[in-house]
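To start, the structure itself, in structure tokens.
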Amino acid sequence: MAEYDLTPRIAPNLDRHLVFPLLEFLQERQFYHDEQILKAKIELLNRTNMVDYAMDIHKSLYHTDDVPQDMVDRRVEVVTRLKALEESAAPLVAFLQNPAAVQELRADKQYNLQMLNDRYQIGPDQIEALYQYAKFQFECGNYSGAADYLYQYRALCTDSERSLSALWGKLAAEILMQNWDIAVEELNRLKEIIDSKNFSSSMKQVQGRIWLMHWSLFIFFNHDNGRTQIIDLFNQDKYLNAIQTNAPHLLRYLATAFIVNKRRRPQFKDFIKVIQQEQYSYNDPITEFLTCVYVNYDFDGAQKKMRECEEVILNDPFLGKRIEEGNLSTVPLRDEFLETARLFVFETFCRIHQRIDMSVLAEKLNLNYEEAEQWIVNLVRTSKLDAKIDSKTGTVIMETNKPDVHEQLIDHTKSLSGRTYKLVTQLLEHAQAQAAR
């Protein structure tokens with residue numbers, strides 16, 4: 001399944017610290033030789049301040065207790081630099097650790113800067129030192145300290161670019177600490193800035209959206225409501241356009257979210273069109289499964305893809321999380337996916353056939369005869385299926401429902417209204433862009 005590993009596509013859009021969890025997952029799944037993973041880790045660590053960690057990996061990789069002299073020298077350099085930054089940031093850090101003093105701060109940043117300068121002799125140099133200290137702490141792997149200092153820095157920073165950089169760092173730190181609720185808040189703050197900020201070029205704004213979506217994968221497949229939130233973000237026109245033009249591999253995650261999310265069926269039909277449009281620029285068993293079921297009506301192909309989907313999910317670092325971590329529902333994503341995928345196959349197959357042989361249906365659902373029969377009985381009992389089972393002939397008989405004319409009219413009106421809204425929005429955005437030039 002290494003051919004479906006998206007790490008080479010995803011890693012360039014992540015902070016290097018966020019790549020470590022992906023490498024850990026790949027090492028656990030034994031996709032690649034340990035030697036390859038360990039070398040990749042060292043290459044990443046060489047561009048951070050996590051020298052002790054790099055030394056440990058070097059020892060493991062080369063089966064030795066010795067480390068290169070350049071690592072020893074690098075460690076001395078990091079410790080020296082850390083002490084210097086601690087001294088530079090010390091006045092502001094001491095102030096921030098004093099609850100009584102912090103109460104003097106207000107929402108007005110200019111007032112705060114003046115007050116700090118007048119009463120505590122803390123000026124721009126000390127505030128800049130706090131940023132550098134926080135950034136250095138992050139590079140050392142102290143994500144908790146970095147998150148706290150970056151939060152406090154943003155409360156004082158008046159430089160919008162530097163504040164944005166600090167927010168990216170804060171988001172990365174919260175992800176690495178698995179503080180998913182806080183990470184969602186930071187993600188939403190970043191999205192608001194990216195969508196409203198005037199960038200020097202439209203490509204920079206698109207790149208910001210692409211980074212945001214890649215980073216959000218850690219959050220959405222760990223947060224309780226993440227599988228709905230990923231659809232809310234990725235399926236927005238601007239973000240979906242960014243996916244189609246620059247990161248079509250993200251369709252795997254949006255497709256998975258749509259499949260397991262029963263509340264988003266109205267948007268699902270439009271998404272199938274996107275899958276159909278992009279099948280030549282990107283495909284994997286998950287997107288191909290949807291093409292088989294909803295575009296080609298290839299149920300034998302869908303059966304094969306379901307088996308491949310199971311492997312893809314288990315071996316994807318975002319979709320294949322271990323159950324014992326307990327961050328998600330008690331039902332593994334794989335089981336939810338397969339259950340809903342069978343339902344998709346069944347619903348589509350039944351639209352074409354009114355009377356269905358149970359043995360044929362069992363084959364299409366990738367179940368044995370008894371499992372298929374029980375599965376359909378459960379659907380009928382829970383009112384998810386308007387059908388009956390003829391046990392004598394071993395067939396499922398679908399009840400025909402004539403479409404309600406009024407419901408059809410309402411659906412068409414809603415669809416027309418939605419398309420009109422999208423068109424008007426696009427025209428307004430185009431007019432605003434022209435006016436800005």
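For the chain, the longest principal axis of the C-alpha atoms and the axis of helix 180-196 are separated by about 90°.
P(r) for the chain, from all Cα pairs and a bin width of 10 Å, is 4, 16, 23, 22, 17, 10, 5, 2, 0, 0 %, short bins first. A Stokes-Einstein calculation at 20 °C with viscosity 1.002 mPa s, built on the Kirkwood radius of the stretch 209-330 over Cα pairs, returns a diffusion coefficient of 145 µm²/s.
Residue 86 exposes around 80 Å² of accessible area when a 1.4 Å probe is run over every protein chain in place.
Considering the chain as a Gaussian network with a 10 Å cut-off on Cα pairs, which listed residue, 387, 257, 166, attains the greatest mean-square fluctuation? Top of the fluctuation ranking is 387. Estimated at the nearest 10 Å², the accessible area of residue 33 is 140 Å² with a 1.4 Å probe. Computed over the stretch 180-229, the P(r) curve from all C-alpha pair distances, binned at 10 Å from the origin, holds 26, 50, 21, 3 percent per bin.
Just by accessible area at a 1.4 angstrom probe, what is the order of 392, 269, 197, 204 from largest to smallest? Intermediate results must be reported in sequence, preceding the final value.
On the way: 392 195, 269 155, 197 50, 204 115 Å².
So, going from the largest accessible area down, we get 392, 269, 204, 197.
Amide H contacts for residue 387 (H built 1.01 Å from N in the peptide plane; partners 5 or more residues away or on another chain; cut-off under 5 Å): 399.
Counting Lys +1, Arg +1, Asp -1, Glu -1, what net charge surrounds residue 30 among other residues with beta carbon under 13 Å of its beta carbon? Walk me through the numbers before you get to the answer.
Numbers: positive: 29; negative: 5, 24, 28, 34, 35.
With Lys, Arg at +1 and Asp, Glu at -1, the neighbours total -4.
Residue 370 contributes about 120 Å² of solvent-accessible surface, heavy atoms of the protein only, 1.4 Å probe.
Step through the table entries 262/392; 39/304; 41/170; 41/135; 204/273, compare each Cα-Cα distance with 26 Å, and write down the pairs that go over it. If you can, show how the numbers build up before the last one.
Working: 262/392 34 Å; 39/304 36 Å; 41/170 22 Å; 41/135 20 Å; 204/273 28 Å.
Beyond 26 Å between Cα atoms: 262/392; 39/304; 204/273.
Taking the accessible area of the chain, probe 1.4 Å, and keeping the other protein chains in place, the carbon and sulfur fraction comes to 49%. With a Förster radius of 30 Å applied to the beta-carbon distance between residue 262 and residue 201, the computed FRET efficiency rounds to 0.15.
Once the Cα atoms are used to define both axes, helix 237-246 deviates from the longest principal axis of the chain by about 80 degrees.
Building the convex hull from the alpha-carbon atoms of the stretch 117-207 and averaging its projection over directions returns 6.8 nm².
Among 169, 145, 226, the largest mean-square fluctuation in a Gaussian network model of the chain (Cα springs under 10 Å) belongs to 145. Here is how the number arises for the chain: DSSP H runs of 4 or more residues each give -39500 (n - 2.57), the sum is divided by the residue count, and the result at 222 nm is -23000 deg cm²/dmol.
Probing with 1.4 Å while keeping every protein chain in the model, the per residue accessible area of the chain equals 54 Å².
The values are calculated or read from the model by the stated rules, or taken from the named source; none is laboratory data. Because the structure is a prediction, the values reported are computed rather than measured. Please note: Cβ atoms are built from the backbone with ideal geometry, for glycine as well, and neighbour counts cover all protein chains shown. Surface areas here come from the heavy atoms of the whole protein model, side chains and all, with no ligands, DNA or RNA. Shrake-Rupley method; radii C 1.70, N 1.55, O 1.52, S 1.80 Å.
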